[in-house]
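The structure appears below as structure tokens.
Where a number appears in this text, it was derived from the coordinates with a stated rule and is not lab data. Since this is a predicted model, take the numbers as computed values, not measurements. All Cβ positions, even for glycine, are placed from backbone atoms using ideal geometry, and neighbour counts span all protein chains on display.
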Amino acid sequence: MNSVAVRPGEPLHGTIKVSGATKNSGLKQLAAALLAPGVTRVRNLPKVQDLEVMIAVLEAIGAKVEWTAPDELRLDTSGTLEPEAPYELVTQMRASINVLGPLLARCGEARVALPGGDNIGNRKLDMHFNGLNAMGAELEVSHGFVNARCNALNGARIVLEFPSVGATENLLTAAVLAKGETVIENAAREPEITDLAAFLNRMGAHVLGAGTSTITVEGVDELSSTDTEIMGDRIEAGTLLFACGIAGGEILLEGVQFENLEIVAMKLGEMGMRVSKAPEGIWAAAPERLRAVDIQTLPYPGFATDFMPMAVALLATCSGTAIVTENVFDNRFSFVDELLRMGADITTDSRHSVVRGQEGLSAAPVRALDVRAGAALLLAGLRADGETIVHDWHHVDRGYPDLPGALATLGANINRC
Ligand code: EPU
């Protein structure tokens, strides 16, 4: 069952609870739980493929992991840790690099395989390494691993060249146990950073300013394990909003904060959709066809790069022409070739795409190249003239607990095959 078939149907209708943000928030908090010996219960953590990999990384390090309910995990980090993240696991999932900061802080050493590039770009780690270095860690990269050690981590002033999510997370989780004050300037402001900082503070850390560009951390001697509940997945919520934009209809998304998707709501609004805050989450309604607007991706609170493939799929069916600019990753337009197979009219040049909208697309077999690209192709299939089959669906299952199921709940004609 590594493919998903979709046919156009009725406009989307109904209410759905958005899943917990396992991939972009849960995995980071699991890594952060390594900072304190003890038991952490993590709730609202639905299973996705990347979680399986993070569990294997944590087990390799010496943590005990147990499912206590369908969306709830118990993590015991009381034992002695082996501070090494193996190559076979890290290459399957980049978020494994998030164990680097916590392992250095707790064990004084860490050996983590380098994840390498992937289908969306180079994805360097220089800001992670430079920041840890400024805090007193010695890092050496050899034979495909980063070997890091320190006698003690010291607070430092770190200015990030770009508001990298992963670097902010790694530095934050190292700084909480460093001696003295760490200031991270040009920090990433993504809601997942705020979720992580709130968890760290409940463990006893002193983190101020998460969600702004300046994060200040006053290091403490030790942290104690505590429970956590993962925020609703804003990327899944956005995916369903784009689906509604493509298929038309009216949907209510529960369990997600409107404020985390304000720019998406604004852009979809400019395109002719109505998206507003509801007491339980987000309400949206779309007419049959939207109109094109230009989009450029930026770090939060800008338009997230993770929505870009879905925005391109939507624009491919809108009236008018739009320019889409990708500012975060250097190779995120590969999926466009698959959309071209569906008859889309798109010209791409490095970081820009010109998308000329058409009434409908042509159903075709296509291939998911990464998690969001696969989701975008499925959405495109909601407006194609027949059955579109998205192959290599495992990429999408890395980040969504069950995207076909969620869309089917809203009335889409979708099956795994
Ligand atoms: N970068 C560097 N040096 C560094 C770190 C990053 O040059 O030391 C560059 C990257 O190459 C990239 C840019 O900075 O061009 C942004 O990278 P960032 O570190 O912010 O991304 P990330 O932490 O690797 C997370 C999400 C991505 C999401 C980005 C941006 C997770 C597991 N991944 O990646 O999610 O696109 O932040 O918001 O949280 C996805 O969900 O599909 C996905 C790719």
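Key figures for this structure:
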{"quantity": "Partner aspartates and glutamates for Lys277 [C-alpha distance under 17 Å; skip if fewer than 8 residues away on the same chain]", "calculated": "Asp233, Glu236, Glu250, Glu254, Glu259, Glu262"}
{"quantity": "Candidates Ile120, Ile97, Ile246, ranked by Gaussian network fluctuation over the chain, Cα under 10 Å, top entry", "calculated": "Ile120"}
{"quantity": "Radius 12 Å from Cβ of Leu139, net charge of other residues (Lys, Arg +1; Asp, Glu -1)", "calculated": "-2"}
{"quantity": "The chain, relative contact order in percent, only Cα pairs under 8 angstrom and at least six apart counted", "calculated": "20"}
{"quantity": "Cα gyration tensor category, rounded, prolate or oblate, for the chain with a/c compared to 1.5", "calculated": "prolate"}
{"quantity": "Relative contact order (percent, whole number), the stretch 22-229, Cα cutoff 8 Å, 6+ residue spacing", "calculated": "20"}
{"quantity": "In Hz, Karplus ³J(HN,Hα) per residue of the stretch 18-23 (6.51, -1.76, 1.60; θ = phi - 60°; x = Gly, Pro)", "calculated": "6, 6, x, 7, 4, 5"}
{"quantity": "Stretchable slack from Thr347 to Thr15, in nm (0.36 nm times residue separation minus alpha-carbon distance)", "calculated": "115.9 nm"}
{"quantity": "Computed FRET value (nearest 0.05) for Asp126 with Glu359, which takes r as the C-beta separation and R₀ as 51 Å", "calculated": "0.65"}
{"quantity": "Anisotropy class of the stretch 195-254 from Cα gyration tensor, a/c 1.5 cut", "calculated": "prolate"}
{"quantity": "Debye, to nearest 20: dipole size of the chain, +1 on Lys, Arg Cβ, -1 on Asp, Glu Cβ", "calculated": "320"}
{"quantity": "Cα centroid of the stretch 247-279 to Cα centroid of the stretch 310-344, whole Å", "calculated": "21"}
{"quantity": "Highest-fluctuation residue, Phe303, Phe335, Phe162 considered, GNM on the chain with Cα pairs under 10 Å", "calculated": "Phe162"}
{"quantity": "Label-to-label distance, nm, for residues given as Asp227 and Ser213 (7 Å Cα→Cβ offset)", "calculated": "3.9"}
{"quantity": "Relative contact order (%) - criterion: Cα under 8 Å, at least six apart; region: the stretch 1-125", "calculated": "23"}
{"quantity": "For the stretch 69-85, Karplus couplings with θ = phi - 60° (6.51, -1.76, 1.60), whole Hz, Gly/Pro x", "calculated": "7, x, 10, 9, 10, 10, 10, 10, 10, 6, x, 6, 9, 9, x, 9, 9"}
{"quantity": "Length gained when the stretch Glu250-Asn331 is fully extended (0.36 nm per residue, less Cα-Cα span)", "calculated": "25.8 nm"}
{"quantity": "Modelled FRET efficiency - R0 35 Å, Trp67 with His394, Cβ distances, 0.05 increments", "calculated": "0.95"}
{"quantity": "Lysine pairs meeting the criterion (Cα under 24 Å, 8 or more apart or interchain), as found in the stretch 22-229", "calculated": "8"}
{"quantity": "Prolate/oblate/rounded call for the stretch 32-84, Cα gyration tensor, a/c under 1.5 rounded", "calculated": "oblate"}
{"quantity": "Residue among Ser19, Ser353, Ser96 with the largest mean-square fluctuation in a Gaussian network model of the chain, springs linking Cα atoms under 10 Å", "calculated": "Ser353"}
